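S.K.: Here it is, the structure, as structure tokens.
The values are calculated or read from the model by the stated rules, or taken from the named source; none is laboratory data. As the structure is a computational prediction, the values presented were derived from the model and not from experiment. When we count neighbours, we look across all protein chains shown, and the Cβ atoms used for this are built from the backbone with ideal geometry, even at glycine. Just so you know, the surface numbers come from the protein's heavy atoms only, side chains and all, with ligands and any DNA or RNA stripped out. Shrake-Rupley method; radii C 1.70, N 1.55, O 1.52, S 1.80 Å.
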Amino acid sequence: MKYREEKDSMGIMKVPENAYYGAQTARAVENFKISGKGLPKEFIYAVCEIKRGAAIANRKLGLLDEKIANAIVLAAEEVIAGKFDDQFPIDVYQTGSGTSTNMNVNEVIANRACEILGGKKGDKHLCHPNDHVNKGQSSNDVIPSAIHISAAILTKNNLLPALKKLKDSFLKKEVEFKDIIKIGRTHLMDAVPVTLGQEFSGYRTQIEKGIKRVEIGLMELLELPLGGTALGTGLNTHKDFGKIAIEEISKNTKLNFRQADNLFEGIAAKDGVVNFCGALNTLAVSLMKIANDLRLLNSGPRCGIAEITLPSLQPGSSIMPGKVNPVIPEAVIQVAARVMGNMQTITIAGSSGLLDLNVMMPLIADTLIESIKLLTNASISLAEKCVDGIVANVERCNELVEWSMALVTPLALKIGYDEAAKIAYEAFNRKMKVKDVVKEKNILSDEEIEEIFDPRKMV
């Protein structure tokens, strides 16, 4: 491999000749050989959104030459378009402020801007990663802002549409199953009847409420501490820089970002992210419950509950011919478990805002984005490959209702709880239907029996 030499404040570093990054990135690559995993591209693009907005703001304020600013904007847009995805090799586990990644982006944009301006990579006189690309900024306000921007974009454009798709899928089944009566279960034991549509209305409502919680949490992510620079004081930047840059970011992303009310809090704490992750965690809890319910209701096909049938997608066993498993719900519960674990990680990371700066921001960015993407994809898969294709087994639902001891519940109003309980136990011990035991005892007229044991009146 051929190399070129680039210089930073600590000296000269060899950089691959074709690389757009520079000396600071090369140092970080050598220092952080930990996971072999870089930060998500969505996060890198969010940092570039900031660089783009910053260049425009500095140009408007007369602080940056127009040609240099325009070159930075174009270079940033090229990165956002995915043209330089291989130029961000720094490990997730790096300096806690994310300074290495901020400089990685600064160097890539600066070197590409040098080319746009007619020069060569590394010509800092044309475009300098610190003096021009990072002008008016610090890693300490850029990285937390990028966390919010990347999470907000993914949430608005991906997660919320996926959740609405899943909600609609449950709504369709709620309507389709509204007249199918089945037995309810509490403690996994027979309970009074319910309609299958009513059960699915519960799932639909869980997702609806999950959407509202995510939308509420998203509001805090729209606050950016940009303009606070190192600690929140705004040292080395124009007093209007942050607001102008954020206006440009909002315009380009079509999200209503605003400058944080308190820049010190925005830099030192990550409470907004922790709160938002709480909504994601609750959503994961909902998906875990729903997916497990679908697995239980589908269990069988002959020796389980089997009130519904999930779509058959692939063979379920390497040894048992004909076996089909509920693979999508199983994938979803694994996603839910991961997101719940990520909540714990972000809780710990969020509490590490010691004094004036959080020092787990790269970990927060990676974990947060993973949770959003996992929940997005799991919701789409659950909707399209599972819920949309669910079929109700009406005969099985009717059979289990007829044989349930819980049908004795309305009888208690006629003969009392204790006498009704005796009939339920007798029906169980004699392997008879409750209705038949009541008929045998002649304690009610046929009309009364039909009235009391009509499951349609129990739902």
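S.K.: Among the residues of the stretch 342-350, is any open to solvent by 50 Å² or more (accessible area, probe 1.4 Å) and not in a helix (DSSP H, G or I)?
M.R.: No - not one qualifying residue is present in the stretch 342-350.
S.K.: Residues that are within 38 Å of the chain's Cα centre (by Cα): find the helices (runs of 4 or more DSSP H) completely inside the stretch 360-435 holding 2 or more of those.
M.R.: Ranges flagged: 361-385, 394-403.
S.K.: Working carefully through the options 279, 260, 245, find the one that is open to solvent by less than 20 Å² (accessible area, probe 1.4 Å), aliphatic (A, V, I, L, M) and either more than 22 Å from residue 46 (Cβ to Cβ) or without any contact (Cβ under 8 Å) to a residue 40 or more places away in the chain (or both).
M.R.: 260
S.K.: Further question: Residues of the stretch 175-207 being crowded, with 16+ Cβ neighbours inside 10 Å, assigned to a helix (DSSP H, G or I) and not small (Gly, Ala, Ser), which ones?
M.R.: Within the stretch 175-207, 196, 198, 199, 200, 203, 204, 206, 207 qualify.
S.K.: Taking the stretch 287-308 on its own, how many of its residues are among the basic types (Lys, Arg) and either modelled with pLDDT under 95 or open to solvent by less than 30 Å² (accessible area, probe 1.4 Å) (or both)?
M.R.: 1
S.K.: Of all residues in the stretch 314-324, which are closer than 21 Å to residue 389 by Cα and open to solvent by 40 Å² or more (accessible area, probe 1.4 Å)?
M.R.: The answer is 314, 315, 322, 323, 324.
S.K.: A further question follows. Pick from 337, 284: which is within 30 Å of residue 193 (Cα to Cα), aliphatic (A, V, I, L, M), in a helix (DSSP H, G or I) and open to solvent by less than 70 Å² (accessible area, probe 1.4 Å)?
M.R.: 284
S.K.: Also, I was wondering about something else. Only one of these is touching a Phe, Trp or Tyr at 6+ places or on another chain (Cβ under 7 Å) and among the charged types (D, E, K, R): 78, 49. Name it.
M.R.: 78 is the lone residue from the list that is touching a Phe, Trp or Tyr at 6+ places or on another chain (Cβ under 7 Å) and among the charged types (D, E, K, R).
S.K.: Consider residue 114 against the criteria (1) in a loop (DSSP other than H, G, I, E, B); (2) touching a Leu at 6+ places or on another chain (Cβ under 7 Å): it satisfies all of them except one. Which criterion is unmet?
M.R.: It is condition (1) that residue 114 fails.
S.K.: I'm trying to understand the selection: among the residues of the stretch 402-441, which are free of Cβ contacts under 8 Å to residues at least 24 places away in the same chain and open to solvent by less than 80 Å² (accessible area, probe 1.4 Å)?
M.R.: Answer for the stretch 402-441, where residues must be free of Cβ contacts under 8 Å to residues at least 24 places away in the same chain and open to solvent by less than 80 Å² (accessible area, probe 1.4 Å): 412, 416, 420, 421, 423, 424, 426, 427, 432, 436, 437.
S.K.: Tell me which of these residue 125 doesn't satisfy, since it passes every other one: (1) part of a loop (DSSP other than H, G, I, E, B); (2) open to solvent by 10 Å² or more (accessible area, probe 1.4 Å); (3) out of contact with any Gly (no Cβ under 6 Å at 6 or more places or on another chain); (4) in contact (Cβ under 8 Å) with a residue 40 or more places away in the chain.
M.R.: Going through (1) part of a loop (DSSP other than H, G, I, E, B); (2) open to solvent by 10 Å² or more (accessible area, probe 1.4 Å); (3) out of contact with any Gly (no Cβ under 6 Å at 6 or more places or on another chain); (4) in contact (Cβ under 8 Å) with a residue 40 or more places away in the chain one by one, residue 125 breaks only (4).
S.K.: When you check residue 255 against the structure, is it at pLDDT 95 or above and assigned to a helix (DSSP H, G or I), yes or no?
M.R.: When the stated conditions are applied, residue 255 does not pass them.
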